[in-house]
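Notes for the one structure printed next.
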Amino acid sequence: MGLPSIRKKNAKLRHYVSWFEIPALNLLRAVGFYNFIYDIEMETTESGGYAMALFPADNGIGGAIVVGEGSIPSESGPLVYLNAGADLAPVLGRVEEAGGRIVMEKTLISKDDGYFALFIDTEGNRLALHSKS
């Protein structure tokens with residue numbers, strides 16, 4: 001687990017993730033969880049049988065919480081690393097109070113790559129937090 005320190009000289013892309021979606025069964029509960037741990041206000045929208053709550057992002061990679069057919073929360077499968085800013089400890093510190101569960105406390109990956117932690121959100125998804133310190 002954690003981000004390996006792999007560097008390629010001829011990498012063509014700067015970011016390998018362009019968008020992410022976190023599946024949920026209960027949009028209000030999931031939005032409440034992420035609003036609380038990140039201290040944000042997510043905007044929600046509905047279209048074509050799907051409801052989404054968007055993570056605020058002016059620049060960079062965006063994502064959403066999604067409710068609808070095929071959006072099934074899971075503790076297995078791909079692992080998304082969410083940016084937790086300069087230090088992941090404050091965000092991780094709010095996970096349990098918001099109804100989530102910490103699976104792995106803040107753990108050093110390497111001096112260059114920083115830290116990560118794993119948690120289960122209110123919907124049953126396993127996700128990671130990442131920070132440089």
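Here's the yes/no breakdown for (1) under 20 Å from Val17 (Cβ atoms); (2) over 14 Å from the mean Cα position of the chain (by Cα); (3) surrounded by 13 or more Cβ atoms within 10 Å (Cβ to Cβ); (4) at pLDDT 95 or above:
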residue: Gly62; (1), (2), (3), (4): yes, no, yes, no
residue: Pro73; (1), (2), (3), (4): yes, no, yes, yes
residue: Glu97; (1), (2), (3), (4): no, yes, no, yes
residue: Lys106; (1), (2), (3), (4): no, yes, yes, yes
Members of the range 94-112 that are free of Cβ contacts under 8 Å to residues at least 40 places away in the same chain and more than 22 Å from Thr122 (Cα to Cα): Leu108, Lys111
Within the range 14-40, restricting to residues that are modelled with pLDDT of 95 or more and among the hydroxyl-bearing types (Ser, Thr, Tyr), the one that is surrounded by the most Cβ atoms within 10 Å (Cβ to Cβ) is Tyr34
Filtering the range 18-43 down to residues that are part of a loop (DSSP other than H, G, I, E, B) and acidic (Asp, Glu), which residue is farthest from Gly63 (Cα to Cα)? Asp39
The correct count of residues that are in a loop (DSSP other than H, G, I, E, B) and either over 25 Å from Gly62 (Cβ atoms) or touching a residue at least 60 places away in the same chain (Cβ under 8 Å) (or both) in the range 81-93 is 0
Here are some conditions: (1) loosely packed, with under 14 Cβ neighbours inside 10 Å; (2) touching a residue at least 60 places away in the same chain (Cβ under 8 Å); (3) under 30 Å from Gly48 (Cβ atoms). Thr122 meets all but one. Which one does it not meet? (1)
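This table checks each residue for (1) part of a loop (DSSP other than H, G, I, E, B); (2) hydroxyl-bearing (Ser, Thr, Tyr); (3) surrounded by fewer than 20 Cβ atoms within 10 Å (Cβ to Cβ).
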position	(1), (2), (3)
Thr45	no, yes, yes
Ala53	no, no, no
Ala57	yes, no, yes
Gly77	yes, no, yes
Ser133	yes, yes, yes
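The values are calculated or read from the model by the stated rules, or taken from the named source; none is laboratory data. All figures in this text were calculated on a predicted structure; none of them were measured in a lab. As a convention, Cβ positions derive from the backbone with ideal geometry for all residues, glycine included, and neighbour counts pool all protein chains shown.
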